[in-house]
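The values are calculated or read from the model by the stated rules, or taken from the named source; none is laboratory data. Keep in mind the model is a prediction, meaning the values are calculated, not measured. We place every Cβ from the backbone using ideal geometry, glycine too, and count neighbours over all the protein chains shown.
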Amino acid sequence: MYLVRLLGRYTLRLLPLVYMMFIWFLSSQSSGAVVNFSFYDSLIKESLHLVEFAILYGLLVLALLTRGELSRRGNKIAIGISILYALLDEFHQSFIPSRSATVTDLVKDFLGVAVVWYILRRTYFQQEHTWLGFWMRKITHHLAPGKCVIEDNRKGGR
C-alpha cells in the first residue's frame with residue numbers, strides 16, 4: 001500500500017511538468033498554411049486557451065496537495081506559475097512561424113486560471129461541504145508524506 005501511495009504522490013507531482021512540456025510542444029508547432037476553418041473549429045481552438053492554463057493550475061494544485069494542506073501561499077504560487085507560464089508560452093509563440101502572441105490569448109489564459117481559482121476558493125478555502133473539496137482533502141489525507149506514514153504505522157504497514 002505504501003508503494004502505491006508513493007507512486008501516486010510522485011505521479012501527481014510530475015504531471016504539471018509533463019503537461020508544461022506538452023504545452024511547449026504544441027506551441028512549437030507551426031500552424032502551416034492559412035486554412036479557413038469552420039466556425040465551430042475556430043471556436044474550439046480559441047476556447048482551448050481558457051482550458052489549457054486552467055488545467056495547468058489544477059495540476060499544480062493537485063501536486064501541492066500531495067505535500068499537505070493547500071495554503072493560501074501555496075495557492076498563490078500555483079497561480080503565479082500558471083500565469084508566468086502563460087506569458088512564456090505567448091512569448092515563445094511569437095518566434096514560431098505563422099504563430100503569434102496576442103494580448104487576447106493572454107486574457108483567455110488568465111480567465112481560465114481565474115475560473116479554477118474561484119471554484120477552488122468556494123470548494124476548498126471556504127470550507128463548503130462539496131464533493132470537490134472533499135476529494136481534494138482526501139488526496140492530502142492519502143498522499144501527503146506525514147499522513148501516509150502515520151496511517152500505515154497504525155495498520156502495521158510500511
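The table below lists the values:
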| item | result |
| --- | --- |
| Restricting the range 7-49 to residues that are aliphatic (A, V, I, L, M), closer than 19 Å to Gly80 by Cβ and surrounded by 14 or more Cβ atoms within 10 Å (Cβ to Cβ), the residue that is modelled with the lowest pLDDT | Ile23 |
| Every residue from the range 70-84 that is among the hydrophobic types (A, V, I, L, M, F, W, C) and not in a helix (DSSP H, G or I) | Leu70 |
| Selected residue (criterion: nearest to Leu50 (Cα to Cα)) from residues of the range 86-104 that are in contact (Cβ under 8 Å) with a residue 12 or more places away in the chain and within 21 Å of the chain's Cα centre (by Cα) | Ala86 |
| Selection count where residues are farther than 15 Å from Pro16 by Cα and among the aliphatic types (A, V, I, L, M), scope the range 70-114 | 10 |
| Which listed residue, of Arg67, Arg137, Arg73, is at pLDDT 85 or above, closer than 19 Å to Leu12 by Cα, out of contact with any Lys or Arg (no Cβ under 9 Å at 6 or more places or on another chain) and among the basic types (Lys, Arg) | Arg137 |
| Test for Glu52: is it acidic (Asp, Glu) and closer than 19 Å to Met21 by Cα | yes |
| Lone qualifier among Arg99, Arg73 - being of a type in the set (D, E, K, R), out of contact with any Pro (no Cβ under 6 Å at 6 or more places or on another chain) and farther than 30 Å from Ser30 by Cα | Arg73 |
| Leu26 being in contact (Cβ under 8 Å) with a residue 40 or more places away in the chain, out of contact with any Ser or Thr (no Cβ under 8 Å at 6 or more places or on another chain) and not acidic (Asp, Glu) | no |
| Residue list for the range 75-84, filter: within 14 Å of Lys108 (Cα to Cα) and in contact with a helix residue (DSSP H, G or I) (Cβ under 6 Å, 6 or more places away or on another chain) | Ser82 |
